[in-house]
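Undergrad: Sharing a structure here in structure tokens format.
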Amino acid sequence: MRLNLKVMELTGRLLKNDRENAGRKPSPVAPALRVGAAVLCILLCAISQNAVYVITVIAVELLRLALMPPERILRVLKALILPVIFTALIMLPAVFFGHPRTMLTVTMKVCESVLVLAVMNESLDWREVTEAFSVTKGMAVFVLILDMTMRFLMILGDYSDKLLEAVMLRSVGKTNWKNAKVDGILGTTFLKSRQMAEATSEAMACRCFDGQYRSYHRHRFTWQDVLFLGVYAAMIALFVMTK
């Protein structure tokens, strides 16, 4: 049941992040603009051929990270260390072939990408992420599937965890049926997921769902959003200057 534990750990992180962000004051900048800035930053760093641009972005993100609470800094660093070390080990043979610059460039770009995503993950909750994607017209179905998948993974993970606990409490001694407990739990969870899918489909039909993913927390375009657009201009200008 390691997969179940991983799913529970992932959904637990999402819920914990949402609970921590629930008490804070919402950002005046639209979530779509913040997500778009992160995507644009990663894209520009990926195609940049100048290390100055990548180092500048890493320095800015580290400055943002330093302004966060200690527990969030620790989570970001934990998410950052493993990908950077793995990339450095993969690119290590390039040093022996006379291309140490390639190793440094790829490692820095991976560090920048993971750092931007980790900081964005700490500054946005799940509702803001789905709201950001729902702004795009063609992403409505994707947002709906993603949102429902995460919610049902949490529900089914908790359901299978309770089944496993019930089987373990009823297991006394060595019996043959204990060897099939995983199959039974997976089968029962599958039947439960099918039942929940049918119930969800019927509920959506009864509520006249027309395929549009609507957000009830609409963000109005303000002067803070206009100022934040300057971040886009600054990233593009820096990219052109260091090209």
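Taken together, the values in this text are just the output of simple stated rules run on the coordinates, not laboratory data. Predicted model only: the values in this text are computed from it and were never measured. Counting neighbours? That spans all protein chains shown, and the Cβs are built from the backbone with ideal geometry, glycine included.
Undergrad: Sorted by mean Cβ packing within 10 Å, highest first, what order do the peptides 144-152, 200-208 take?
TA: Working: 144-152: 14.7, 200-208: 10.0.
Ranked from most to least packed, the peptides come out as 144-152, 200-208.
Undergrad: Now for a different question. Please turn the phi angles of the range 111-121 into ³J(HN,Hα) values with the Karplus equation 6.51 cos²θ - 1.76 cosθ + 1.60 (θ = phi - 60°), one per residue in order, whole Hz, x for glycine and proline.
TA: Computed from phi, the couplings for the range 111-121 are 4, 5, 5, 5, 5, 4, 5, 5, 5, 5, 5 Hz.
Undergrad: Still on this structure: Can you list the HN-Hα couplings for the range 192-201, worked out from phi with the Karplus curve (6.51, -1.76, 1.60; θ = phi - 60°), rounded to whole Hz and with x for Gly and Pro?
TA: 5, 5, 5, 5, 5, 5, 5, 5, 5, 4
Undergrad: Computed FRET efficiency, Cβ-Cβ of residue 168 and residue 193, R0 22 Å: what is it to the nearest 0.05?
TA: 0.50
Undergrad: Hey, quick one: spin label on residue 155, modelled 7 Å out along Cα-Cβ, who in the range 184-199 has an amide N within reach, i.e. under 16 Å?
TA: 189-199
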